[in-house]
Amino acid sequence: MKRPKSPVRWSWAVAGLALALPGCGAEEQPKKVVQAPPVLVAPVEVRRVVDAIEATGQLVAKAEATIAAQVEGQVTGILVEEGDPIELGQILLEIDPRRRELELADADARLAEANAHVAEGRRELGRLERLMKRDAASQSRLDEAQTRLALARSQASGAAARVGLAHRALEDATIRAPFSGLVAKREVSVGEYLGVGLPLFELVVLDPIEIEFTLAEIDSARVALGNQVKLRVAPYPDEHFMAKVTVIAPVIDSATRTLRVKAELSNLDGRLRPGLFAHVDLGVSERSGVVMIPADALVMRASGTFVYRLIEGPRVERVAVRTGMREGEWVEIAAGLSAGDRIVVRGQRELVDGGVVSLRTSDGKPADEPQVAAPTSARMAPGAGR
């Protein structure tokens with residue numbers, strides 16, 4: 001006798017058949033369509049640019065010195081005051097020169113005494129040498145005379161050195177100007193007792209005066225010795241002063257990437273003072289064939305600066321660039337792009353290297369695809385990369 005078929009098996013079979021029939025069971029899921037990001041592109045341009053080379057700096061004294069006491073003693077005379085003009089070698093102050101004169105006289109006397117002892121020792125040695133020839137003196141007495149003469153000569157040398165020191169002290173007791181200029185500050189008063197090294201005066205030279213400023217690394221090749229520069233200072237906003245470049249640092253500062261420069265200018269009337277802030281104009285530089293792109297095309301990240309360049313597809317590739325000067329809304333590309341390239345200037349946010357894009361016009365409408373060539377390594381400038 002045959003057993004009836006299980007109703008459970010029939011139910012699974014019917015369910016499978018229902019799923020297999022078209023139009024039966026769950027609805028089909030629609031395929032997801034990925035849209036290309038819309039972008040606005042613009043061509044790389046080659047322009048002639050005029051660079052205005054400008055910098056800021058401050059005025060500094062051409063020569064500046066703090067005069068200190070070289071000898072100790074009491075200030076017996078001050079011959080100049082703050083603000084006075086001075087000439088090279090002019091006496092500024094005296095530190096008890098009379099005392100130094102007496103010390104020099106004492107040193108001269110001691111030198112004369114030492115020289116007398118040398119002369120006496122020389123005569124005694126000569127007498128004993130003559131006696132030795134007649135066997136009338138012993139060798140020990142001769143040796144003692146030679147020793148006494150050597151000692152006298154040594155003492156005479158020491159006395160001569162002390163005379164030299166006394167002469168130097170007398171000279172140092174009279175403070176003279178090491179250069180022509182102005183007394184910027186007086187530190188002491190008459191009657192004050194000074195120690196060695198105590199500051200006495202601050203002296204400056206204001207004619208000529210110097211402007212010290214720095215140039216960015218990119219402009220470092222555009223300055224040379226002898227160049228004329230124009231500067232302005234706040235106290236005289238309507239005037240321009242001309243200076244000549246006299247010093248260019250031999251190295252670029254590695255911390256600031258700047259070059260230190262000094263220029264010299266006349267200051268006969270003394271209106272320009274050290275410490276004044278100044279704007280420096282080094283003139284203009286004209287260049288042709290400069291590769292320029294809209295500044296909006298740049299994408300800046302911690303890893304560097306890059307743009308998206310259009311290639312066939314239409315697709316985009318990421319290109320690292322090195323920028324130069326800016327002119328309004330345009331920026332120079334020193335490396336990475338060349339004339340004829342087309343770059344994305346709007347819509348970079350969703351782009352990836354090698355991704356497909358949808359070209360649009362400035363008003364957002366679809367644009368005709370431009371004819372672009374596939375990139376080759378020959379088209380990429382040195383230093384560029386994806």
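The values are calculated or read from the model by the stated rules, or taken from the named source; none is laboratory data. Quantities reported herein were computed from a predicted structural model and do not represent experimental measurements. All Cβ positions, even for glycine, are placed from backbone atoms using ideal geometry, and neighbour counts span all protein chains on display.
Of all residues in region 316-334, those that are under 21 Å from VAL356 (Cα atoms) have Cβ atoms under 9 Å from Cβ atoms of residues that are among the acidic types (Asp, Glu) and not in a strand (DSSP E or B), 6 or more apart or on another chain, in VAL316/ASP353; GLU317/ASP353; ARG318/ASP353; VAL319/ASP341. Considering only residues in region 286-313 that are small (Gly, Ala, Ser) and exposed (fewer than 14 other Cβ atoms within 10 Å of the Cβ), the one that is nearest to ARG232 (Cα to Cα) turns out to be SER288.
When LEU102, LEU88 are checked against the criterion of being without any contact (Cβ under 8 Å) to a residue 12 or more places away in the chain and on the phi < 0 side of the Ramachandran plot, LEU102 stands alone in meeting it.
When the residues of region 205-221 are filtered to those that are part of a helix (DSSP H, G or I) and touching a residue at least 60 places away in the same chain (Cβ under 8 Å), the one that is surrounded by the fewest Cβ atoms within 10 Å (Cβ to Cβ) is ILE218. Would you check which residues across region 264-286 are in contact (Cβ under 8 Å) with a residue 40 or more places away in the chain and either of a type in the set (D, E, K, R) or part of a loop (DSSP other than H, G, I, E, B) (or both) and list them? Correct list: GLU264, SER266, ASN267, LEU268, GLY270, LEU272, ARG273, PRO274, GLY275, LEU276, ASP281, GLU286. For first residues located in region 222-240 and closer than 14 Å to ILE209 by Cα and touching a residue at least 24 places away in the same chain (Cβ under 8 Å), partners that are aliphatic (A, V, I, L, M) and assigned to a loop (DSSP other than H, G, I, E, B) and lie 6+ apart or on another chain with Cβ distances below 6 Å form the pairs VAL233/LEU276.
Taken together, LEU182, LEU215 contain a single residue that is closer than 29 Å to SER266 by Cβ and not assigned by TED's automatic domain parsing to the domain that holds ARG271, which is LEU182.
Out of the residues in region 141-181 that are of a type in the set (S, T, N, Q) and part of a helix (DSSP H, G or I), which is farthest from PHE201 (Cα to Cα)? This residue is GLN146. One residue stands out in region 287-315 among those that are among the charged types (D, E, K, R) and in a strand (DSSP E or B): the one that is farthest from the chain's Cα centre (by Cα), namely ARG315.
For region 253-264, the tally of residues that are surrounded by fewer than 18 Cβ atoms within 10 Å (Cβ to Cβ) and aliphatic (A, V, I, L, M) stands at 1.
All of (1) of a type in the set (D, E, K, R); (2) modelled with pLDDT of 90 or more; (3) within 30 Å of GLY347 (Cα to Cα) hold for LYS32 with one exception: (2). From the list GLU202, GLU192, GLU187, the lone residue that is over 24 Å from the mean Cα position of the chain (by Cα), surrounded by fewer than 18 Cβ atoms within 10 Å (Cβ to Cβ) and without any contact (Cβ under 8 Å) to a residue 24 or more places away in the chain is GLU187. Select from region 128-140 the residues that are surrounded by 13 or more Cβ atoms within 10 Å (Cβ to Cβ) and part of a helix (DSSP H, G or I) and list them in ascending order. Answer for region 128-140, where residues must be surrounded by 13 or more Cβ atoms within 10 Å (Cβ to Cβ) and part of a helix (DSSP H, G or I): LEU128, GLU129, LEU131, MET132.
Just checking, which of VAL261, VAL251, VAL245 is aliphatic (A, V, I, L, M), outside any strand (DSSP E or B) and not assigned by TED's automatic domain parsing to the domain that holds GLY340? Exactly one residue qualifies, and that residue is VAL251.
The single condition from (1) under 30 Å from PHE213 (Cα atoms); (2) at pLDDT 90 or above that ALA116 fails is (1). Which one is farthest from GLY164 (Cα to Cα), of the residues in region 108-127 that are over 60 Å from the mean Cα position of the chain (by Cα) and either among the acidic types (Asp, Glu) or assigned to a loop (DSSP other than H, G, I, E, B) (or both)? Across region 108-127, the extreme among qualifying residues is GLU124.
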